[in-house]
Amino acid sequence: MGDPAVQNDAAVEAKVVDEGIDRGVEALTPERIESVINQVFEKETGARLQAYVETCVHCGLCSEACHFYLSNDKDPKFSPVGKVKQTIWEMVKRKGRVDADFIRNAVEVAHTQCNLCKRCAMYCPFGIDIAYLMLVVRRICHKLGVTPLYIQDTVNSHSVTMNQMWVKEDEWIDTLQWQEEEGRDEIPDLRIPVEKEGADIMYSVIAPEPKFQAGLIYQAAVLMNVAGMNWTMPATPGWDNSDMAMYTGDNEIMARVKRSHFETARRLRVNKIVMGECGHAFRSIYDMGNRQLGWKMPPIPVQHAIDFYDELLREGKIRIARKFEKSVTLHDPCNIVRGRGLHEKSRSVVRAMCDNFIEMHPNREHNYCCAAGGGVINCGPPYKQKRMAGNRVKAEQLAATKAEVLIAPCHNCHSGLEDIIHHYKLDMEVKFILDILYECMEKPE
Amino acid sequence: MSTMTDWDFDPGEKVISMKEWKERYEWVEDPQVSPDGENVAAVVNLGNGEFTVCNNGEAWESPCEKIWCLRFSPDGRLTAIVCQEMEWTMSVDGTFWDSRFDFLWNTRFSDDGAHIAAAWQNDLTYGMTLDDVSWETGYSNMSGMCLSPEGGKTAAVVQTIGLNEGEIFKFAEGAYTAALNGKTWPRNFMNVWDIAFSSNSEHIAAEVRLDRTTYTIAVDGETWKQRYDCVWTPKFHPSEHKVVAPVRVAGAWTLAENGVLIWKNRYLQLWQTLYSPCGKHIAAIVSPAYGKWTMAKDDQPWNNRFGEMVSDPVFSPNGDRLAVSVKDNGKWTLAVNDQVWGQWFNRVWGPVFSPDGRYVASRVESDGKFTCAVNGKAWEKTYDFCLDPVFSPDGDRLLVRAFKDGAYYRIVIPTTQIAG
Ligand code: SF4
Ligand code: SF4
């Protein structure tokens with residue numbers, strides 16, 4: 001372990017080929033661009049956009065907050081305000097009269113150079129929320145039919161299946177049955193109660209779990225069984241809590257997917273939804289998706305996994321049998337730390353499991369984003385090099401801890417940080433909290 | 001087959017202990033109760049990877065590798081989806097359908113329980129089966145399966161054009177449509193959702209998306225002329241050939257009938273439209289202001305507003321009363337014709353009207369204890385769990401189906417014992 005080994009190279013500057021953008025841009029006309037931009041400004045953004053645009057004094061204090069700016073040698077075009085200048089300001093200033101090339105650049109900036117992490121909002125003296133402004137750009141691009149291909153495909157999956165990975169209805173149920181069977185080798189009476197109406201908890205996950213990481217469902221089932229929870233998982237669409245439509249500005253599909261999730265919980269008459277370790281899904285259920293539908297707060301209470309683990313440990317429903325031996329550090333996912341303040345709870349869980357916990361710096365609400373969030377990793381391989389180059393500061397932050405294990409309690413962070421570790425040749429293993437909790441908790445003999 | 005008039009509504013209590021089941025089997029899964037409350041059944045583990053169903057203490061004969069989705073039909077037959085030698089089928093009272101599938105799910109019953117449908121997957125193609133007769137054509141994917149109310153027809157959203165990963169432009173051209181009894185509409189859409197049947201089962205309607213931002217309603221494959229920012233589930237009039245649906249116009253929701261806006265008010269949200277049984281009234285859950293929810297009947301919002309959720313709206317059989325479950329400040333109760341019950345609960349289930357509409361009841365839970373409540377009053381007897389209450393045809397008796405200390409209880413009481 002040591003300093004990050006790879007320097008960023010010319011690949012960063014190379015022109016990206018993305019059919020979703022290229023073909024979308026080809027179909028644009030100046031009239032359409034102008035009308036869509038003005039329609040969004042007049043009908044959707046209202047006073048908030050106006051206030052942000054009028055308040056910003058171009059002081060650049062937000063720059064030092066952004067990992068893209070810091071990692072790209074303080075290139076002003078990667079600063080938060082630099083991204084605004086390249087996108088929304090021009091649209092406002094020119095009253096929507098921007099050309100297709102402008103849109104091409106704007107979609108790339110808003111979708112792949114901003115993680116909507118909201119770190120900069122803490123550094124702006126006026127609290128200007130650049131993430132919101134980038135979302136407005138994405139919304140405009142969505143309406144113009146110009147969205148990166150990979151993430152649009154994911155939104156298409158949401159629209160058809162109500163999950164993000166084209167998981168078919170039978171595949172989902174089959175996965176639950178399969179994980180229950182696997183689990184019985186370890187705990188002979190282990191159950192994954194499907195469609196148990198009136199249970200206390202509906203456990204919800206994101207679609208990569210049944211698709212690639214079914215072991216996480218198994219581990220969660222063990223946790224629920226050992227803790228004696230009265231829980232269930234649905235056999236219908238609505239089981240997936242994830243939401244890439246939130247990140248493409250397709251607010252209608254975001255709303256539809258969230259409605260399906262909450263109505264599934266209501267149909268099962270549970271007291272609460274406990275969700276797995278995911279950050280963006282939390283933002284969607286707890287903030288953006290519910291509010292798009294008119295629910296100020298989630299209509300069925302939502303508990304993030306970190307809060308749930310902390311509660312189980314505090315109440316003695318789960319006990320640690322042996323401590324995790326390797327040294328660990330902890331990543332603070334933006335959506336559940338800046339978005340929900342779960343950082344002390346995650347530390348209390350980590351300390352309960354691990355003797356050798358090393359903080360990375362900065363941390364808690366000041367932590368650097370993983371650069372995968374905000375739908376950026378979901379824009380796919382064309383942007384991977386940029387994503388790696390855009391988060392050298394994260395690699396430096398990780399390397400400085402010299403920890404053997406990086407705990408990342410969020411799916412996007414997990415994948416994004418694995419990429420960072422690989423790219424910068426850091427010798428670290430990434431784990432979810434549940435991986436370690438499952439390993440260290442007391443289980444029946 | 002039993003009809004409600006045959007059910008035992010004599011006041012009294014019948015108890016079926018399930019403790020002995022727990023001794024007999026490796027484990028007993030979540031029990032299911034028949035509509036008339038006479039039977040309690042569960043999937044049970046025989047050991048050695050074998051499962052069966054135990055119904056009132058009697059086990060089905062043939063053990064299976066897997067059993068799930070145990071459900072009583074409205075006419076009291078016990079169904080389960082079962083797997084033997086890696087093939088799935090439906091078991092009805094322990095007798096298997098002839099057909100075998102690679103997977104079977106989503107059991108659906110007609111209103112009277114006479115017909116049973118389910119979704120299947122064979123060799124990665126998808127379709128529906130109705131009473132063991134399958135669609136002739138399979139599709140590459142299927143969702144939103146439904147069975148017509150009288151049980152003669154099945155419908156689902158199907159994918160008719162193959163899509164590889166990332167084919168977003170092909171997707172935009174439309175790969176999905178609705179299929180009725182396996183036969184597709186003549187055209188495809190970008191998306192199709194939430195199929196509704198007409199009450200005579202002759203027609204279907206659904207929400208469709210024409211491009212990324214354009215939505216409308218399609219009836220039997222023909223779209224309304226009007227286009228909207230978004231739409232929710234359509235509903236057919238109970239007797240006339242009319243369809244209503246919530247539609248979003250210029251950023252606000254209202255109600256449209258056959259494409260024409262029929263409600264004047266605009267709402268922040270509007271969904272779960274329902275007609276009164278005679279078709280005279282239309283109601284819907286609405287949000288008149290951000291974070292405020294209520295019911296609107298014929299475009300008249302109730303005065304009461306609820307901060308968290310409104311769900312399960314239902315008209316009384318004569319259409320005079322409208323009941324709904326509501327949530328405010330973390331607690332649930334019922335509201336009937338804009339009158340909110342005085343007592344709030346940790347959870348309530350959907351409202352159940354007596355056939356004459358005099359009473360409205362619900363299953364309720366507080367502090368982990370379950371019981372039934374009628375006209376705002378909760379029964380003082382509580383249980384570990386209970387099911388939705390059922391009224392006798394004259395409404396004078398109430399059937400309570402409940403569990404306590406490992407036993408199932410079938411209790412009939414005079415409705416006035418709770419309602420006063
Ligand atoms: S990535 Fe984060 S810090 Fe940078 S501009 Fe976007 S929201 Fe601000
Ligand atoms: S810190 Fe705030 S006011 Fe200054 S440039 Fe950034 S967004 Fe504008």
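Some points to look at:
- 28 Å tail of the calculated P(r), region A:62-216, as % of Cα pairs: 45 percent
- Shape summary: region A:4-119 maps onto an equivalent ellipsoid whose semi-axes, from the alpha-carbon gyration tensor, are 26, 21, 10 Å in decreasing order.
- Take the Cβ atoms of A:R364 and B:D8, set R0 to 60 Å, and the FRET efficiency comes out at 0.40.
- Each residue was assigned an accessible area with a 1.4 Å probe, and for A:R23 the value is about 110 Å².
- Folded to 0 to 90 degrees: helix A:251-267 orientation relative to chain A principal axis, Cα: 20 degrees
- Mean residue ellipticity (222 nm) of chain B, computed from DSSP H runs ≥ 4 via -39,500 (n - 2.57), nearest 500: -1000 deg cm²/dmol
- Point-charge dipole on Cβ atoms (K/R +1, D/E -1) for the protein assembly as shown, about Cα centre, debye to 20: 3740 debye
- Counting only heavy atoms of the protein chains and using a 1.4 Å probe, A:E54 has close to 130 Å² of accessible surface.
- Exposure ranking of A:H361, B:H203, A:H304, B:H241 by accessible area [1.4 Å probe, largest first]: A:H361, B:H241, B:H203, A:H304
- P(r) tail fraction, chain A - alpha-carbon pairs more than 43 Å apart, %: 12 percent
- Scaled radius of gyration (Cα, divided by 2.2 N^0.38 Å) that the protein assembly as shown gives: 0.96
- Residues of type aspartates and glutamates that A:K77 reaches as a straight line, Cα spacing below 20 Å, ignoring anything fewer than 8 places off in the same chain: A:D9, A:E13, A:E64, A:E90, A:D99, A:D101, A:E108, A:D129
- Here the Debye sum runs over all C-alpha atoms of region A:241-395 as equal scatterers in vacuum, and log10 of I(q)/I(0) at q = 0.11, 0.19, 0.20 Å⁻¹ comes out as -0.53, -1.22, -1.27.
- Note on chain A: dipole from Cβ charges, positive end direction compared against A:L116, A:V350, A:L268; the farthest Cα belongs to A:L116.
- Residue-span extension gain [B:A289 to B:K264] - 0.36 nm each, minus C-alpha spacing: 7.4 nm
- Once the Cα atoms are used to define both axes, helix A:100-112 deviates from the longest principal axis of chain A by about 30 degrees.
- Candidates B:M90, B:M295, B:M18: whichever shows maximal mean-square fluctuation once chain B is modelled as a Gaussian network with Cα springs under 10 Å: B:M18
- Bins of 5 Å from zero: percent of alpha-carbon pairs in region B:1-100: 2, 13, 24, 22, 18, 11, 6, 3, 1, 0
- Cross-link reach list, lysines versus B:K331, counting only Cα pairs under 28 Å and skipping chain neighbours closer than eight places: A:K196, A:K258, A:K272, A:K296, A:K317, A:K345, B:K292, B:K297, B:K369, B:K377, B:K381, B:K404
- Working value for chain B: equivalent-ellipsoid semi-axes of 36, 32, 18 Å, each the square root of 5 times a Cα gyration tensor eigenvalue, largest first.
- Cα centroid of region B:228-305 to Cα centroid of region A:180-239, whole Å: 37 Å
- Long-range Cα-Cα pairs in region B:319-420 (distance over 21 Å), rounded percent: 28 percent
- Percent of C-alpha pairs per 5 Å bin, region A:328-440, short to long: 2, 13, 24, 26, 20, 10, 4, 1, 0
The values are calculated or read from the model by the stated rules, or taken from the named source; none is laboratory data. Since this is a predicted model, take the numbers as computed values, not measurements. Glycine also receives a Cβ, built like all others from the backbone with ideal geometry; neighbour counts cover every protein chain displayed. Surface areas here come from the heavy atoms of the whole protein model, side chains and all, with no ligands, DNA or RNA. Shrake-Rupley method; radii C 1.70, N 1.55, O 1.52, S 1.80 Å.
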